[in-house]
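Below: the structure, in structure tokens.
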């Protein structure tokens, strides 16, 4: 935790890719992100070792459920070239790639998931991108104070995480 430059939050619907899937796989490409701002965060700002909050969206009770870390520098998302992939981008070329990704590795599940409703009602989370109206980013930065508070709400000691 000491010396942390920035924390992140990634969203995934658990029916598409859950935190349990990440734990099972041990590492994954965070592919298919097709929002330029989210892409820029991965390509330009994420660094190996940065902590990542894993958020389950698209559920009856969306929640932060786990802690991961960035496991690679950004590189070209290969799914943009595969015409049979749902993330295919016909405008992307190998000479001019449009989409980038990072690899993620799981660290641990939170002892207690932290539901979005709890985050929205917690004054210490005020200003976090996740709780702002209209925010649909699947990858976003998280301020250190917000990261620490979410770990506390999830049952982890921020100093030990």
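Of all residues in segment 93-129, those that are under 26 Å from residue 27 (Cβ atoms) and modelled with pLDDT under 95 total 2.
A count restricted to segment 140-161 and to residues that are touching a strand residue (DSSP E or B) at 6+ places or on another chain (Cβ under 7 Å) and either assigned to a helix (DSSP H, G or I) or closer than 17 Å to residue 107 by Cβ (or both) stands at 9. Against the definition (surrounded by fewer than 20 Cβ atoms within 10 Å (Cβ to Cβ), out of contact with any helix residue (DSSP H, G or I) (no Cβ under 7 Å at 6 or more places or on another chain), free of Cβ contacts under 8 Å to residues at least 12 places away in the same chain and over 14 Å from residue 9 (Cβ atoms)), how does residue 152 come out, yes or no? Here the answer is yes, as residue 152 does meet what is asked.
For the criterion of being in a loop (DSSP other than H, G, I, E, B), in contact (Cβ under 8 Å) with a residue 40 or more places away in the chain and either surrounded by 15 or more Cβ atoms within 10 Å (Cβ to Cβ) or more than 16 Å from the chain's Cα centre (by Cα) (or both), residue 89 passes.
The values are calculated or read from the model by the stated rules, or taken from the named source; none is laboratory data. What you are looking at is a predicted structure, and each value in this text was computed from that prediction instead of being measured. Reconstructed Cβ throughout: ideal geometry from the backbone, glycine too, with neighbour counts over all protein chains shown.
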